[in-house]
Amino acid sequence: MPRKNLTTRFCETVKVQERTDYQDEMVRGLALRVSPNGTKTWNVVFTRESDGTKQRVKVGRFPAMPLEKARTAALKMVTAVSAGEDPSEEKRARKAAMTVEKLGELYIEKYAKRRKKTWAEDERLLKREVYPEIGRMKAVAVKRRDLLDIIEAKAEAGHVAQSTQILAVVRKMFNWAVDSDYLDASPAIGVKPRGKAVKRDRVLSDAEMRTIWSALPEAAVSEPTKDILRLLFLTGQRSGEVCGMSRGEVDTDRALWTIPGTRTKNGLAHVVPLSPTALEIVERALDKADDELDAPLFSRVGEPIESNAIAKAVRLKLQKAEAPWTPHDIRRTVATGMAALGIAPHIVEAVLNHISGFRAGVAGVYNRNQYEPEKRRALDMWAEHLGGVIEGREAKVRPLRRPEAV
């Protein structure tokens, strides 16, 4: 085992033809194991007092665990060995005792909440689909068949897309557990989706929009849920974004709703002009919300209503259209309807906060904060059209005109 005064630069750049351990000269016992595929693992090597055998304990991976943290962990472990403890036995005991549910909780807290905007959905899937089946099992005892039983049952019930989502979350959780040394191997390796999800292209017709909107007043759902659905139809934004709307995001004087980048799918702040009808709904919600800037406009027990609750309400209480529909179909309907009104594709993309097509690449960088007047005109046109559809009259909308040259 070559000895090396390890540096961050060396750890970042070292490459090998065969697996090699580099022993740190600064902290005795710490070694960086480098594999030909580029994997770099921190290990602590020590002599077990009980039988004099060499033991190796993995403490993390580089660069997830940087050099200084690896040295700190190694020092603690070497100190424990000097005190007569056996870190290898303790680690094996912890691994053997950990249940899938406990592993899932660690995954959510230590990884998902820090790196995934959709962590709440991961947590929901684990609690609803995984824990009831294998939550009490020891994580080290889970086999591939246990995971297949879960995702195959969901796919066979006709929920192929959800079975794929469950697999993705479970695979990520177990891969994280291996990287973080909670497990030695992942039971999800080699497990493939049980089918290909069908890409949805559902667009609601005018008659269906009229039926759904007209059904809202008497629907057996909460008033905030009704207003969220109305705003989905009026703004074309994502369900989670509307559900999470807070007082501080709304400027009623300018009729603007600014969604911070922390709440958008692409991580970019997004300004949504509010049509008069949309503003009326928002102002009604503001009157009922708490005074703090971060107070949610649509809440349940003080917490924002979650998008999956809206999807459930639609699935159980609002299937009034000609065929089954979901809240996300509204967004697709708004985009299609705007295009039919003659609104330019790049303006539709700007309304939806899409960075693709006309707004992709270098042009997208320069145009990111533009089009606010055009977006307002587009959303006003759409609201006028929607009002005409709902009332059964012909909407009086005018196509967008090009701005005159200066």
Single condition ASP181 does not satisfy, out of (1) in contact with a Lys or Arg (Cβ under 7 Å, 6 or more places away or on another chain); (2) at pLDDT below 85; (3) on the phi < 0 side of the Ramachandran plot: (3)
Residues of the stretch 76-104 being at pLDDT 90 or above and over 21 Å from ILE151 (Cβ atoms), in sequence order, are LYS102
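Residues THR333, THR326: which one is open to solvent by 30 Å² or more (accessible area, probe 1.4 Å), closer than 26 Å to ILE310 by Cβ and either at pLDDT 65 or above or β-branched (Val, Ile, Thr) (or both)? Before you say what the answer is, go through the steps one by one.
Details: THR333 fails: open to solvent by 30 Å² or more (accessible area, probe 1.4 Å).
The conditions single out THR326.
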Only one residue in ILE355, ILE310, ILE305 is in contact (Cβ under 8 Å) with a residue 12 or more places away in the chain and either touching an Asp or Glu at 6+ places or on another chain (Cβ under 9 Å) or open to solvent by 60 Å² or more (accessible area, probe 1.4 Å) (or both), so which one is that? ILE355
Considering only residues of the stretch 169-185 that are more than 22 Å from the chain's Cα centre (by Cα) and not hydrophobic (A, V, I, L, M, F, W, C), which is nearest to LYS127 (Cα to Cα)? TYR182
Could you please tell me which pairs satisfy a Cβ distance under 8 Å, a separation of 6+ or placement on different chains, a first residue in the stretch 120-138 that is closer than 21 Å to GLY244 by Cβ and open to solvent by less than 20 Å² (accessible area, probe 1.4 Å), and a second residue that is modelled with pLDDT of 90 or more and basic (Lys, Arg)? ASP122/LYS172
Checking ALA70 against (1) modelled with pLDDT under 90; (2) small (Gly, Ala, Ser); (3) part of a helix (DSSP H, G or I); (4) surrounded by 15 or more Cβ atoms within 10 Å (Cβ to Cβ), only one condition comes out false. Which one? (1)
Could you run through the stretch 150-161 and say how many residues are without any contact (Cβ under 8 Å) to a residue 40 or more places away in the chain and either exposed (fewer than 13 other Cβ atoms within 10 Å of the Cβ) or among the aliphatic types (A, V, I, L, M) (or both)? 7
Hey, GLY60 more than 15 Å from PHE10 (Cα to Cα), touching a residue at least 40 places away in the same chain (Cβ under 8 Å), open to solvent by less than 50 Å² (accessible area, probe 1.4 Å) and over 32 Å from the mean Cα position of the chain (by Cα) or not: no
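The values are calculated or read from the model by the stated rules, or taken from the named source; none is laboratory data. This is a predicted model, so every value here is computed, not measured. Methodologically, a virtual Cβ is constructed for each residue, glycine included, from the backbone with ideal geometry; neighbour enumeration extends over all protein chains shown. Just the protein is used for accessible areas: all its heavy atoms, side chains included, with ligands, DNA and RNA removed. Shrake-Rupley method; radii C 1.70, N 1.55, O 1.52, S 1.80 Å.
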